[in-house]
Every structure is written in C-alpha cells, then in structure tokens.
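Reviewing the structure listed below.
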Amino acid sequence: MNIDRRKKLIDQYKDGYRVVAEALAGATPGDLDARPAPGRWTAHEVAHHLADSEMTAAIRLRLLLAVDNPAILGYDQDEFARRLHYDRPIEASLDAFKASRRTTAEILDCMSEDDWRREGTHTEHGRYTIEKWLEIYATHAHKHAEQIRVARASAKKT
C-alpha cells in the first residue's frame, strides 16, 4: 500500500465516529428501533455492534503491533447481538466506540514503516496484515452510518 492511500484510509478511519454521530443525530426512539427489513439490524443494534467491533479492532491492532505473529480471533457478530443485550441504551456504546477510535488513531499516527509490515494469522481468513486491518476498519463506520440512515428512514415509511 502506498503512503498516499494509507493516509487517505487513516483519515477515513479518524472520521468514522463523526459520520456515525451525524447519522444518529436527532434520532427518536422510534427511529432507533425501526427494523428496515426482517433479519436486518436496527440503528440501535448497529450502535452496539460498532462499539463491540471497534473494541475488537483496537485489540487486534494492538496484538499485531505488540505480539509476534499473533492469532487474531474471528467472532460471530450476530451471536454478539443476541447475547450482549443489544436492547440496552446506546450512550455507553457510543462512548466506547468514540474512545476506541480515538486511542487507536493516536497509535496509527505513531507507527513506523516496520510497524506497518507486521502481521498475524486470522482464525477465519489466514494471513492478516496491519494494512488489511486498516482497509477493513477505515470504511467500517461509514458503511454502518449508511445502514443507520436506511434503518431510520424505514421508520418514516411505517
């Protein structure tokens, strides 16, 4: 990955919380709980997923940096949604998402070229580099911000 692409992805990663907060701004309880289609997540559930995913991503990056060839564990996001009480209030999850992004962004800004070459092994996908990590998580919040907007729009259709 060239330096310009990496910088663009880091900037996108840093912007993730803002786009999610913007997508949630002014949401009513009805907006948050609207299910856009059977089997699809509500905005409320997406907010909790973002916290869980971001905390997992933060640990993954730290493992990649601090442990030689770490095992990076996959997880079942739907099982997390079922078992981690995604019906609870979202404020703490949004705080966790924001703090995790912020602290991880600080680490990204400190990384050397040697750091960027580190890698581990993902239990589901095999070879897992820090650049692959960045490609996944730079856009993750943006994709879910759109999912939140779609879910909220579905509340207005009912």
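The values are calculated or read from the model by the stated rules, or taken from the named source; none is laboratory data. Since the structure is predicted, the reported quantities are computational estimates derived from the model, not experimental observations. Backbone-built Cβ (ideal geometry, glycine too); neighbour counts: all protein chains shown. Remember, those area values only see protein heavy atoms, side chains included, never the ligands or the DNA or RNA. Shrake-Rupley method; radii C 1.70, N 1.55, O 1.52, S 1.80 Å.
Restricted to the stretch 127-143, and to residues there that are under 14 Å from Ile72 (Cα atoms) and of a type in the set (Lys, Arg), the residue that is farthest from the chain's Cα centre (by Cα) is Arg127.
Screening the stretch 1-73 for helices (runs of 4 or more DSSP H) wholly inside it with 1 or more residues that are in contact (Cβ under 8 Å) with a residue 12 or more places away in the chain, more than 18 Å from Leu134 (Cβ to Cβ) and among the aliphatic types (A, V, I, L, M) returns the ranges 16-24, 29-33, 43-66.
None of Glu124, Glu106, Glu146 is among the acidic types (Asp, Glu) and under 14 Å from the mean Cα position of the chain (by Cα) except Glu146. Taking the stretch 74-91 as the range and being in contact (Cβ under 8 Å) with a residue 40 or more places away in the chain and either of a type in the set (Gly, Ala, Ser) or under 23 Å from Leu134 (Cβ atoms) (or both) as the test, the residues that pass are Gly74, Ala81. Output yes when any residue across the stretch 138-147 is among the hydroxyl-bearing types (Ser, Thr, Tyr) and either without any contact (Cβ under 8 Å) to a residue 12 or more places away in the chain or touching a strand residue (DSSP E or B) at 6+ places or on another chain (Cβ under 9 Å) (or both), and no when none is. For the stretch 138-147, residues among the hydroxyl-bearing types (Ser, Thr, Tyr) and either without any contact (Cβ under 8 Å) to a residue 12 or more places away in the chain or touching a strand residue (DSSP E or B) at 6+ places or on another chain (Cβ under 9 Å) (or both): absent.
Being touching a His at 6+ places or on another chain (Cβ under 8 Å) and not acidic (Asp, Glu): is that true of Leu32 here? Against the criterion (touching a His at 6+ places or on another chain (Cβ under 8 Å) and not acidic (Asp, Glu)), Leu32 qualifies. Please indicate, with yes or no, whether at least one residue in the stretch 92-111 is in contact (Cβ under 8 Å) with a residue 60 or more places away in the chain, out of contact with any helix residue (DSSP H, G or I) (no Cβ under 7 Å at 6 or more places or on another chain), assigned to a helix (DSSP H, G or I) and not basic (Lys, Arg). Yes; the residues of the stretch 92-111 include at least one that is in contact (Cβ under 8 Å) with a residue 60 or more places away in the chain, out of contact with any helix residue (DSSP H, G or I) (no Cβ under 7 Å at 6 or more places or on another chain), assigned to a helix (DSSP H, G or I) and not basic (Lys, Arg). Inside the stretch 50-72, residues that are over 23 Å from Asp114 (Cα atoms) and open to solvent by 50 Å² or more (accessible area, probe 1.4 Å) make up a count of 1.
If Gly120 passes every condition in (1) out of contact with any Lys or Arg (no Cβ under 7 Å at 6 or more places or on another chain); (2) open to solvent by less than 40 Å² (accessible area, probe 1.4 Å); (3) in contact (Cβ under 8 Å) with a residue 40 or more places away in the chain; (4) in a helix (DSSP H, G or I) but one, which one does it miss? Evaluating Gly120 over (1) out of contact with any Lys or Arg (no Cβ under 7 Å at 6 or more places or on another chain); (2) open to solvent by less than 40 Å² (accessible area, probe 1.4 Å); (3) in contact (Cβ under 8 Å) with a residue 40 or more places away in the chain; (4) in a helix (DSSP H, G or I) leaves (4) as the failure. Residues in the stretch 129-158 that are within 21 Å of Lys8 (Cβ to Cβ) and open to solvent by less than 40 Å² (accessible area, probe 1.4 Å): Thr129, Ile130, Trp133, Leu134, Tyr137, Ala138, Thr139, His140, Ala141, His144, Ala145.
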